[in-house]
Amino acid sequence: MNQVIIKNKAKKKFNQRYPLIHQEDLVDKVASIPSNWVKFVSEDKHFLGYGYLGVQNKGYGWMISFDENKPVNKEVMTDLFKQAFNSRKSFFRSQDTTAFRIFNGEGDGFGGLTIDWYDTYIVISWYNETIYGLKESIKEVILECLPEVVGVYEKVRFKKDDLPESEFTWGKEAPEPLIVIENNVSYATYLNEGLMTGIFLDQKEVRGALSEGLVNGKSLLNMFSYTGAFSVAATFGGSVETTSVDLAKRSLEKTQEQFLVNGMDLDSQRIIVMDVFNYFKYAKKKELTYDVIVLDPPSFARNKKKTFSVAKDYSKLTEEAVELIEPNGLLIASTNAANVSFDRFVQMVEKGITNGNRRGKQVNTYRLPSDFKVSKHFPEGNYLKVLIYEIV
C-alpha cells in the first residue's frame, strides 16, 4: 500500500477525524495520483488514516478509516454501507416517499460517492477519477448489502471527456418516466438523462411544507423552476395559482408533465420560459404580485448575455423578488452553494429585503434532511440553506 505523508501542522485536524485532504496538506507534490487505497502518516511518522487521493471540487482526497487495524477493504466498506442503509430503515418502510438518499459520501464515512434510491433503482454518483477507477469492487459491496436493488444507474460528476455523464450499468432498466412518490406527491423522474433526474432530493422537507399547506389559498411564483417540483407540491397543498419561470426550454414540457402525473389541471398554472431577471421586469410592468416567491437558483449559471452566481448576485435577486410580494407574503430563499456560509447567506438575503424597501421576519429555516447525513467532523458538508421570511 502506498504511503502518503501529511504535514505535521495538519495532523491535529485528522486526529479529530476530519475527512477531507487538501493538496496543501501534503508534504510532497504528487507526480501521479495513486489509483488505489493509501496509508496517510504525518511527517513524524504517526499514523493518521487510510483512504485515497482523488481530485474533485472539494479537495484532493478523503480519509475513510482512522483505525490503523482497519485498512480500507471489502469488510470495512461492507460495514459502512450496511450502517448507512440500516440508518434509513424508516425511509425504506415509508409508504408516502419512495425516493431518498441512502448514502451521503463523507456524511456516511466515505467521501467521493453518493447513492440515491428511486423506488428499487439506485443512482450512484462518482465525484473523482480515483474512486471511479475502484467502482467495480465498490458496486459489488453495495449490491451485496442491498439485494433488493432492481437496476443501477451511474453519474460521473468530474470532468472526463471520454466517459458518459450518465449510464445504465446493471440489472433492469427503469421505465421512462419512473414515477416516484415524495410526501404523497408523484414526480416523474428520468434516471438516465444527464446528471439530473427531474427532482432534487435534498429539498424534500421544503416541498413537504408546501404540500402540507404552507401556501394553501395563496399564489406562488417559482423562480429557476427546473421541472416545477415546488409548484406541484404547492398545488397539492392548496395553492390557488402557480407561476413557474425558467430559462431552459425543456422546463415547459417537463413542468407540464409533473402536474399531469398528479392529475392536476394545467389551467391554473403558468409555465414561462424566460430569464428570471427579465421576468421580474415584465411582472413589475404588468403590476403582478404574489403571495409566495421561491428563489432556488443554481450556484452558477450563464446565458448569452450575462452570468449569475449566488455569492455575487443573490442580494440583487432577493431585492427584485420582494418588490413583487404581497404584504405579509412569504419569501422562500434557497441555495446549495457550498462556498457561501449560512451566516453569509442570511446577510445577503436580508440586504436584498432592505434594498427592496421591505422588512422581513425570518419564520423558518431548513438545512439538509436526515437522509442527507452530515458528519459532525465535517459540518461544511451541510451545504443546503433555505430561509423563509414573512415580508411586511
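The values are calculated or read from the model by the stated rules, or taken from the named source; none is laboratory data. Since we're looking at a predicted model, the values are computed, not measured. Here the Cβ is made from the backbone with ideal geometry for all residues, glycine too, and neighbour counts use every protein chain on show. Note: areas computed on protein heavy atoms with side chains; ligands, DNA, RNA excluded. Shrake-Rupley method; radii C 1.70, N 1.55, O 1.52, S 1.80 Å.
Could you count how many residues in segment 155-202 are open to solvent by 80 Å² or more (accessible area, probe 1.4 Å) and of a type outside the set (D, E, K, R)? So that I can check it myself, show each step before the final result.
Taking segment 155-202 first, the residues open to solvent by 80 Å² or more (accessible area, probe 1.4 Å) are 157, 159, 161-162, 165, 170, 172-173, 176, 184, 193, 200.
Now restrict to residues that are of a type outside the set (D, E, K, R): 170, 184, 200.
Qualifying residue count, segment 155-202: 3.
Candidates in segment 234-248 are the residues that are open to solvent by 40 Å² or more (accessible area, probe 1.4 Å) and assigned to a loop (DSSP other than H, G, I, E, B); of these, the one that is farthest from Arg302 (Cα to Cα) is Val240.
Any residue at all in segment 182-191 that is without any contact (Cβ under 8 Å) to a residue 40 or more places away in the chain and part of a loop (DSSP other than H, G, I, E, B)? Yes, segment 182-191 contains a residue that is without any contact (Cβ under 8 Å) to a residue 40 or more places away in the chain and part of a loop (DSSP other than H, G, I, E, B).
Does segment 35-45 contain any residue that is at pLDDT 95 or above and either under 23 Å from the mean Cα position of the chain (by Cα) or on the phi > 0 side of the Ramachandran plot (or both)? So far as segment 35-45 goes, yes, one or more of its residues are at pLDDT 95 or above and either under 23 Å from the mean Cα position of the chain (by Cα) or on the phi > 0 side of the Ramachandran plot (or both). From the list Ala311, Ala333, the lone residue that is closer than 25 Å to Glu205 by Cα, modelled with pLDDT under 95 and not assigned by the TED database to the domain that holds Asn57 is Ala311.
Could you tell me whether Val72 is more than 22 Å from Leu384 (Cα to Cα) and crowded, with 17+ Cβ neighbours inside 10 Å? So Val72 fits the description; yes. Can you say whether Thr227 is touching a strand residue (DSSP E or B) at 6+ places or on another chain (Cβ under 9 Å), assigned by the TED database to the domain that holds Ala333 and either of a type in the set (A, V, I, L, M) or surrounded by 24 or more Cβ atoms within 10 Å (Cβ to Cβ) (or both), as far as the supplied structure shows? Yes.
For (1) in a strand (DSSP E or B); (2) in contact with a Gly (Cβ under 6 Å, 6 or more places away or on another chain); (3) open to solvent by less than 40 Å² (accessible area, probe 1.4 Å); (4) not assigned by the TED database to the domain that holds Val276, each residue gets a yes or a no:
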{"site": "Leu317", "(1), (2), (3), (4)": "no, no, yes, no"}
{"site": "Asn328", "(1), (2), (3), (4)": "yes, no, no, no"}
{"site": "Asn339", "(1), (2), (3), (4)": "no, no, no, no"}
{"site": "Arg344", "(1), (2), (3), (4)": "no, no, no, no"}
{"site": "Lys351", "(1), (2), (3), (4)": "no, no, no, no"}
{"site": "Thr354", "(1), (2), (3), (4)": "no, no, no, no"}
{"site": "Gln362", "(1), (2), (3), (4)": "yes, no, no, no"}
{"site": "Phe372", "(1), (2), (3), (4)": "no, no, yes, no"}
{"site": "Glu380", "(1), (2), (3), (4)": "no, no, no, no"}
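When segment 1-36 is examined, which residues are found to be open to solvent by 100 Å² or more (accessible area, probe 1.4 Å), under 27 Å from Val374 (Cβ atoms) and among the basic types (Lys, Arg)? Correct list: Lys9, Lys12, Arg17. Residues that are among the β-branched types (Val, Ile, Thr) and open to solvent by less than 30 Å² (accessible area, probe 1.4 Å) were ranked within segment 249-304; the one that is nearest to Leu214 (Cα to Cα) is Val292.
Out of curiosity, is Ser137 hydroxyl-bearing (Ser, Thr, Tyr) and open to solvent by 20 Å² or more (accessible area, probe 1.4 Å)? Please lay out each step first, then the result.
Details: hydroxyl-bearing (Ser, Thr, Tyr): yes; open to solvent by 20 Å² or more (accessible area, probe 1.4 Å): yes.
Considered against the rule, which asks whether it is hydroxyl-bearing (Ser, Thr, Tyr) and open to solvent by 20 Å² or more (accessible area, probe 1.4 Å), Ser137 comes out as yes.
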